[in-house]
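Asker: Questions regarding the structure given below will be posed in turn.
The values are calculated or read from the model by the stated rules, or taken from the named source; none is laboratory data. In this text, all values refer to a predicted model and were calculated from it rather than measured experimentally. As a convention, Cβ positions derive from the backbone with ideal geometry for all residues, glycine included, and neighbour counts pool all protein chains shown. For the accessible areas, the whole protein counts, side chains as well, though only heavy atoms, and no ligand, DNA or RNA atoms are used. Shrake-Rupley method; radii C 1.70, N 1.55, O 1.52, S 1.80 Å.
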Amino acid sequence: MTPKSGLLLAGSCVAAIAAVGSIFELSSGSPDWGTVPTTVVLGLCVPLVGVLFYAAVKDAKANQE
């Protein structure tokens, strides 16, 4: 694994944690940031997880020895 793929994977993990946190905030009924900003964070993080994870796997495969 290269440093680039490690950073992409770390970014994917952070985005996944943010998405799960947003789901919990929305399910509580009263999100700290409000409903609209929390929904926006969720909407941005879900595709970002997939994109960053795919890029990390692609980079790691391209740099295998």
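Asker: Can you tell me which residue is farthest from Leu44 (Cα to Cα) among those in segment 19-31 that are among the hydrophobic types (A, V, I, L, M, F, W, C) and open to solvent by 60 Å² or more (accessible area, probe 1.4 Å)?
Answerer: Selected residue: Phe24.
Asker: Scan segment 11-36 for residues that are without any contact (Cβ under 8 Å) to a residue 40 or more places away in the chain, among the small types (Gly, Ala, Ser) and within 17 Å of Val51 (Cα to Cα) and jot them down.
Answerer: If the condition is that a residue be without any contact (Cβ under 8 Å) to a residue 40 or more places away in the chain, among the small types (Gly, Ala, Ser) and within 17 Å of Val51 (Cα to Cα), then Ala15, Ala16, Ala18, Ala19 are the ones that fit.
Asker: May I ask you to list the residues in segment 12-36 that are among the polar types (S, T, N, Q), out of contact with any Phe, Trp or Tyr (no Cβ under 6 Å at 6 or more places or on another chain) and assigned to a helix (DSSP H, G or I)?
Answerer: Ser22, Ser27, Ser28, Thr35
Asker: Would you check which residues across segment 37-65 are in contact (Cβ under 8 Å) with a residue 40 or more places away in the chain and either in a helix (DSSP H, G or I) or closer than 18 Å to Ile17 by Cβ (or both) and list them?
Answerer: Of everything in segment 37-65, those that are in contact (Cβ under 8 Å) with a residue 40 or more places away in the chain and either in a helix (DSSP H, G or I) or closer than 18 Å to Ile17 by Cβ (or both) turn out to be Leu52, Phe53, Ala55, Ala56, Val57, Asp59, Ala60.
Asker: Looking for something outside any helix (DSSP H, G or I) and of a type in the set (Val, Ile, Thr) - is there at least one such residue anywhere in segment 2-11?
Answerer: yes
Asker: Additional query: Among the residues of segment 4-18, are any surrounded by 12 or more Cβ atoms within 10 Å (Cβ to Cβ), at pLDDT below 95, among the charged types (D, E, K, R) and more than 14 Å from the chain's Cα centre (by Cα)?
Answerer: yes
Asker: Still on this structure, please answer the following. Could you list, in sequence order, the residues of segment 41-65 that are among the acidic types (Asp, Glu) and open to solvent by 80 Å² or more (accessible area, probe 1.4 Å)?
Answerer: Across segment 41-65, the qualifying residue is only Glu65.
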